[in-house]
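Accompanying notes for the structure given below.
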Amino acid sequence: MQISEGTVVSMDYALKDDAGTVIDQSQPGQPLVYLHGHRNIIPGLEAALEGKSSGESVEVRVDPADGYGEPNPALEQVVPRDRFQGVEDLQVGMQFQANTDQGPVSVRVTKVEDDDVTVDGNHPLAGKHLNFSVTIQEVRAGTEEEIAHGHIHQGGGCCGGGGGEGGGCCSSEDGEGGECCSSEGEKPKAEGECQDGGCGCSH
């Protein structure tokens, strides 16, 4: 069976930057599993896999426009340290969930200076070319329920996703929606401007 809209794809992958550094990869015996045609992985990779079959390997270079876009300066802000209540040792690289008028947004701390904290809502891979090495392990037809919900209903992986360098776009633990998860895979806390962790991931 060839990969097409509505098929469920299992694949091993490695993701490298232009310097050859491995950013993310599937673990042995734990392939990434996703529903094709429902934007569960980045558009550039999904398009390159269209028509491929089980057993095939492919090298894919994804431009920023088909990956995580270009960095948006408006997503970088300086906020008061007191927004991070309960976090005693605030450090660069920490990820938090910020509640905005447009909904929750995952942000990273990029600078801590006295009472000012700089956070960045851009994806860590925004503006970067992504180099994938992919081997297709299995292709099957998606079930009616999977297609209706837009994601698979079994444990899957995340591929170059939204919250952290190892995170990706994936289902939350309750199986509803394709939310953005942090590399820690933690669910956000209930309240607060900035909250520790990302959302649940079905690793």
Open item on the list: Can you pull out every residue in region 10-42 that is at pLDDT 95 or above and either in a helix (DSSP H, G or I) or among the basic types (Lys, Arg) (or both)?
Closed with: 16
Open item on the list: Go through region 63-99 and report how many residues are assigned to a loop (DSSP other than H, G, I, E, B) and of a type in the set (Asp, Glu).
Closed with: 4
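Condition check ((1) among the basic types (Lys, Arg); (2) under 30 Å from residue 117 (Cβ atoms)) across all residues:
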position: 12; (1), (2): no, no
position: 15; (1), (2): no, yes
position: 55; (1), (2): no, no
position: 83; (1), (2): yes, yes
Open item on the list: Just checking, does region 100-122 include any residue being part of a loop (DSSP other than H, G, I, E, B), surrounded by 12 or more Cβ atoms within 10 Å (Cβ to Cβ) and under 15 Å from the mean Cα position of the chain (by Cα)?
Closed with: yes
Open item on the list: Let me confirm something: among 66, 101, which residue is closer than 24 Å to residue 151 by Cα and of a type in the set (Asp, Glu)?
Closed with: 66
- [ ] Report, by residue number, each residue of region 22-44 that is touching a strand residue (DSSP E or B) at 6+ places or on another chain (Cβ under 6 Å), of a type in the set (A, V, I, L, M, F, W, C) and within 22 Å of residue 4 (Cβ to Cβ).
- [x] 32, 33, 35, 41
- [ ] Within region 71-89, identify whether any single residue is closer than 30 Å to residue 134 by Cβ, at pLDDT 90 or above and buried (at least 19 other Cβ atoms within 10 Å of the Cβ), and answer yes or no.
- [x] no
TODO: Return a yes/no flag: does region 127-134 have any residue that is at pLDDT 50 or above, assigned to a loop (DSSP other than H, G, I, E, B) and in contact with a strand residue (DSSP E or B) (Cβ under 7 Å, 6 or more places away or on another chain).
DONE: yes
- [ ] Filter region 43-60 for residues that are surrounded by 14 or more Cβ atoms within 10 Å (Cβ to Cβ) and not in a loop (DSSP other than H, G, I, E, B) and give the result.
- [x] 44, 45, 46, 48, 49, 58, 60
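The values are calculated or read from the model by the stated rules, or taken from the named source; none is laboratory data. These numbers come from a predicted model, not from an experiment. Please note: Cβ atoms are built from the backbone with ideal geometry, for glycine as well, and neighbour counts cover all protein chains shown.
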